[in-house]
Amino acid sequence: MKALKKRPVAILVCVAVIALSTIYSAHRTLGAKVREVNDGFYSGVFDREWSSTRPSVHLQLEKRCESAKTLASLAENHIESNASDSGVALATLRSVRENLLRSRDIPELYDLNKQLDTSFYELCEMLEDIGLSERDSDIIDNCKKDFRGAQSVINASGYNESVRALERTTLEAFPANILKKVAFIPEPALFE
């Protein structure tokens with residue numbers, strides 16, 4: 001206890017308390033801002049200009065998966081063998097769709113969305129080459145329309161812009177640029 005009464009020890013303890021409280025505060029406030037931006041992926045990004053929340057990227061990914069499911073169901077009725085190219089394309093589409101629905105990692109979801117895009121259009125092309133009934137062709141056209149529409153909404157979601165705005169205005173500004181490293185603040189995840 002005598003050591004605490006010495007001026008240099010008291011100053012050292014004071015500096016340590018201030019440093020730890022600053023790191024703790026930075027962890028809480030910056031971490032909350034990163035979580036808020038990342039949550040926009042699932043809940044949508046608020047658009048100040050229109051005073052409304054844009055549709056979420058996650059919801060649009062689910063809509064794309066629903067279109068892929070419809071296409072897969074249609075393809076199943078027209079594919080004769082799992083060994084055929086169209087059977088492989090169907091299996092790939094289903095696998096990618098299931099992985100996309102299970103994943104929670106935003107960059108991984110971006111990659112899976114790209115794979116879903118490729119396998120979806122590949123299977124569409126194979127089905128169109130078979131010569132389908134008018135009803136089945138209409139189903140494929142509707143699936144493609146919904147699939148493209150959901151991607152257009154993703155492109156206009158504003159999610160990546162909100163991530164970049166947080167990085168530019170907050171995380172790259174002093175002193176947050178230093179504190180984020182010391183306080184172990186995760187980087188906000190871009191959907192790209």
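The values are calculated or read from the model by the stated rules, or taken from the named source; none is laboratory data. Remember, it's a predicted structure, so these values are computed and weren't measured experimentally. Neighbour counts run over all protein chains shown; Cβ positions are idealised from the backbone, glycine included.
Summary of values
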{"quantity": "Which listed residue, of S67, S43, is in contact with a strand residue (DSSP E or B) (Cβ under 8 Å, 6 or more places away or on another chain) and among the hydroxyl-bearing types (S, T, Y)", "calculated": "S43"}
{"quantity": "Flag if S84 is in the same structural domain as K145 (by TED's automatic domain parsing) and surrounded by fewer than 14 Cβ atoms within 10 Å (Cβ to Cβ)", "calculated": "yes"}
{"quantity": "Test result for L116, in a helix (DSSP H, G or I), more than 24 Å from the chain's Cα centre (by Cα) and surrounded by 17 or more Cβ atoms within 10 Å (Cβ to Cβ)", "calculated": "no"}
{"quantity": "Any chance L166 is outside the structural domain of N38 (by TED's automatic domain parsing), under 21 Å from R54 (Cβ atoms) and surrounded by 14 or more Cβ atoms within 10 Å (Cβ to Cβ)", "calculated": "no"}
{"quantity": "The stretch 155-180 residues that are of a type in the set (A, V, I, L, M, F, W, C), paired with ones that are assigned to a helix (DSSP H, G or I) and loosely packed, with under 14 Cβ neighbours inside 10 Å (beta carbon under 8 Å, 6 or more apart)", "calculated": "L171/N177"}
{"quantity": "The stretch 142-183, subset modelled with pLDDT under 90 and among the small types (G, A, S), residue farthest from F46 (Cα to Cα)", "calculated": "A183"}
{"quantity": "Flag for S51 being among the small types (G, A, S), loosely packed, with under 11 Cβ neighbours inside 10 Å and free of Cβ contacts under 8 Å to residues at least 24 places away in the same chain", "calculated": "yes"}
{"quantity": "Which numbered condition I130 misses (of (1) free of Cβ contacts under 8 Å to residues at least 24 places away in the same chain; (2) loosely packed, with under 13 Cβ neighbours inside 10 Å; (3) not assigned by TED's automatic domain parsing to the domain that holds Y42)", "calculated": "(1)"}
{"quantity": "Selected residue (criterion: nearest to K33 (Cα to Cα)) from residues of the stretch 169-183 that are loosely packed, with under 12 Cβ neighbours inside 10 Å and of a type in the set (A, V, I, L, M, F, W, C)", "calculated": "A173"}
{"quantity": "Residues within the stretch 54-90 that are in contact (Cβ under 8 Å) with a residue 12 or more places away in the chain, over 30 Å from D105 (Cβ atoms) and charged (D, E, K, R), tallied", "calculated": "1"}
